[in-house]
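This report concerns only the one structure given below.
The values are calculated or read from the model by the stated rules, or taken from the named source; none is laboratory data. Keep in mind that this is a model prediction, so the values were computed, not measured. Here the Cβ positions follow ideal geometry from the backbone for every residue, glycine too, while neighbour counts run over all protein chains shown. Side chains included, ligands, DNA and RNA excluded: accessible areas come from the protein's heavy atoms. Shrake-Rupley method; radii C 1.70, N 1.55, O 1.52, S 1.80 Å.
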Amino acid sequence: MFISFLPVYLDVQGLHPAQIGFIIGTGGFVTLIAQPLWGMISDKTRSSRKVLLTLLLFSSVIGYLLYDSSSYPLLILFAMLLYFFLMPIDPLMESLNFTIAESSGISYGSIRTYGALGYAVASLVTGYVISFFGANSLALLFAGIGFISFVIAWMMPNAPVTGKPVTLSSLKHFISNRETLLFLLLVFICSIPARMNDTFLGVYIRELGGSTELVGQAFFLAAGSEILVFALSFWWMRKGKELLTISFSAVFYFLRFFISAWITDPHLLAYLQILQLLTFPVFYSAAIQYLYRIVPAEWRATGQTVLALLFFGISGILASYIGGAVYGNFGGKTLYLSISAISFLGMLFGLMLYRVYGKRLKDTKDAV
């Protein structure tokens, strides 16, 4: 309701594209500060649930005020506040998902699949609500869902926490570890094409002659295809094979974007988004499992925040500015050929890391 429909709401309020871009671009920089800040607060207090409740409460109130405003200064103010309080919820939820799944002996994907389901359903419902009741109806819808989320989070039991206290030495190890840094670089390389596609897919579909409804269907197909993959992650995910799995997803990112560059039928481009089932859910599940295996247990929420920052924050800013420049000067075909090349580079880098660190993990197991 925020990331996908904020540009729509701002457009309805009469803002120019430059003003909309300013709000969204600036919000990306706010996210760079907010996500690690709240991640460290969660690790320090050792209570993701209390931090989550705080963020949900403020987000619900601010979201209502945002979608009930029409003044440009107020829209800027409330959007920046919502970026500060709402965006950190995602990595904190992912940290809770993994912690609860691990302690309960179930797969992370079996929980995460409901996030994909929620995104797909909300995409359709929100569009219909705007059509029937107007853009300002988002205020009550946003606040209502926020309140329901707050009540559910309040009723949840506390998630188990690591017995290790947060220390500066463990943070130093987390930041300076070579394997961690190379892994985060891999995530960054693979996330840039994904975020550029998320940003400009709708524009490209419309350029090819597709309708706004077709854009919604494309995102619905992409999100809906994730559900089964997340749900079956217990079956296909293999410990110690995460880097190989990430490389596998990069192959299909490459194929998806390379094919997109040559498609001229907007309907075919929309249907191609079904390949999301072999890209994002595979990549993200493997990345989280690998991250939680290599970072200190007490810094997991912070590590999850860094992962989210790379995939959704920094890469999103680059997608907006660099991707926009490439698209504006050279067109959608060149953009998609460029991001397919970056995905191919990510595949090669992932295979290289697997040869180094995958072999080391196997040697460790053999020694044990």
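The table below gives the values:
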| quantity | calculated |
| --- | --- |
| Segment 196-267-segment 34-101 distance, computed between alpha-carbon centres (Å) | 27 |
| Solvent-accessible area per residue for the chain (1.4 angstrom probe, square angstrom) | 46 |
| Accessible carbon and sulfur surface of the chain relative to its total accessible area, %, 1.4 Å | 71 |
| Relative contact order (%) - criterion: Cα under 8 Å, at least six apart; region: the chain | 26 |
| Listed residues MET1, MET352 arranged by accessible area, highest first, probe 1.4 Å | MET352, MET1 |
| Percent of alpha-carbon pairs separated by more than 23 Å within segment 1-118 | 38 |
| Computed accessible area, TRP38, all protein chains, 1.4 angstrom probe, square angstrom | 30 |
| Contact order relative to length of segment 60-134, as percent, for alpha carbon pairs under 8 angstrom and 6 or more apart | 16 |
| log10 of Debye I(q)/I(0), alpha-carbon scatterers only, for segment 173-330 at 0.09, 0.10, 0.14, 0.16 Å⁻¹ | -0.32, -0.39, -0.74, -0.94 |
| Relative contact order (percent, whole number), segment 16-153, Cα cutoff 8 Å, 6+ residue spacing | 35 |
| Per-residue SASA entry for GLU226, accessible area with 1.4 Å probe, Å² rounded to 10 | 20 |
| Förster radius 25 Å - calculated FRET efficiency between GLU213 and ASP68, Cβ distance, rounded to 0.05 | 0.40 |
| Mean residue ellipticity (222 nm) of the chain, computed from DSSP H runs ≥ 4 via -39,500 (n - 2.57), nearest 500 | -26500 deg cm²/dmol |
| Exposure rank, largest accessible area first [ARG238, ARG46, ARG195, ARG178; 1.4 Å] | ARG178, ARG238, ARG46, ARG195 |
